Amino acid sequence: MTPLEQYRRAAERALALIEALSDQPSTDGENASAVAKRTLKDLIAQSVVRAERGDAADGAAAAASLSRTLVDGNGPRDPAHPLFAAFAELDSARAALRDTRGSSTDSDLSAALVRCVWRERAAIPGRHPENISDPDLAERVRVVIADLDAIRPGDDAEDLFAWSDREARAVAAKHAILDEEAIVALRALLSWQWR
C-alpha cells in the first residue's frame with residue numbers, strides 16, 4: 001500500500017468516527033459539536049485532495065488542532081477520546097507522505113507558535129510565551145504575533161472565519177513557510193480576538 005493509499009484509508013476511518021459522534025447542543029441553542037464535526041470533515045476531505053495533488057497533507061494537523069478546540073476541549077489529546085486513535089493514525093500517515101515528498105516548512109517556528117497559542121488542554125487560544133524556552137525562537141514568535149495583532153478587520157471581515165484564515169495565511173507567508181497547524185493557531189487567535 002502506498003503512503004497516499006494509507007492516508008486515504010486513515011482519512012476514511014477518521015471521517016466515519018466523526019460522523020458517528022453524537023451532537024451535543026450547547027446552552028445557547030447552537031449545536032457547537034455539529035459545527036465542529038462539519039469543519040473537521042471538510043478539513044480532512046481537503047487534506048486528501050491536497051495529498052492527491054502532491055502537496056503535504058497538513059490538513060490532518062489542522063483537523064487535530066480543531067478537534068482539540070471544538071469537539072470537547074480535550075479532543076484527541078485524551079486517549080479515551082474516540083478520535084484519539086483515528087487522529088494518531090491520520091497523523092502517522094501524513095508524516096509518511098511528508099517523508100516521501102520532503103518539506104520546506106519551518107518546523108521549529110511552527111511548533112513554537114502552536115505552543116504559544118495553545119496552553120496544555122486549553123480550548124481557548126491565548127498568548128503563552130512562557131511555553132517557549134529558546135530566546136531566539138521566542139523573539140521570532142513575538143514578531144509573528146505582533147504582526148497578527150496589528151491586523152484590524154475591515155469590510156471584508158463579515159465572514160470572520162474566512163477573513164481570519166486569509167489574514168493568518170498572509171502573516172505566515174511573510175515570515176516563513178509554516179505548517180498548517182501553526183496557521184490554524186494564528187487563525188484561531190485572530191478570530192477569537194475579533195469574535
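Restricting attention to segment 137-195, the residues being among the basic types (Lys, Arg), assigned to a helix (DSSP H, G or I) and either closer than 22 Å to ARG119 by Cβ or in contact (Cβ under 8 Å) with a residue 24 or more places away in the chain (or both) number 4. When you scan segment 115-137, do you find a residue that is over 17 Å from the mean Cα position of the chain (by Cα), of a type in the set (Lys, Arg) and at pLDDT 75 or above, even just one? No, segment 115-137 contains no residue that is over 17 Å from the mean Cα position of the chain (by Cα), of a type in the set (Lys, Arg) and at pLDDT 75 or above. Checking each residue in segment 145-195 for being among the aromatic types (Phe, Trp, Tyr) and in contact with a Pro (Cβ under 8 Å, 6 or more places away or on another chain) picks out TRP163, TRP192, TRP194.
The values are calculated or read from the model by the stated rules, or taken from the named source; none is laboratory data. Here the structure is a predicted model, which is why all the values come from computation and not from measurement. Positions of Cβ are generated from backbone atoms using ideal geometry, with glycine treated the same way; all protein chains shown enter the neighbour counts.
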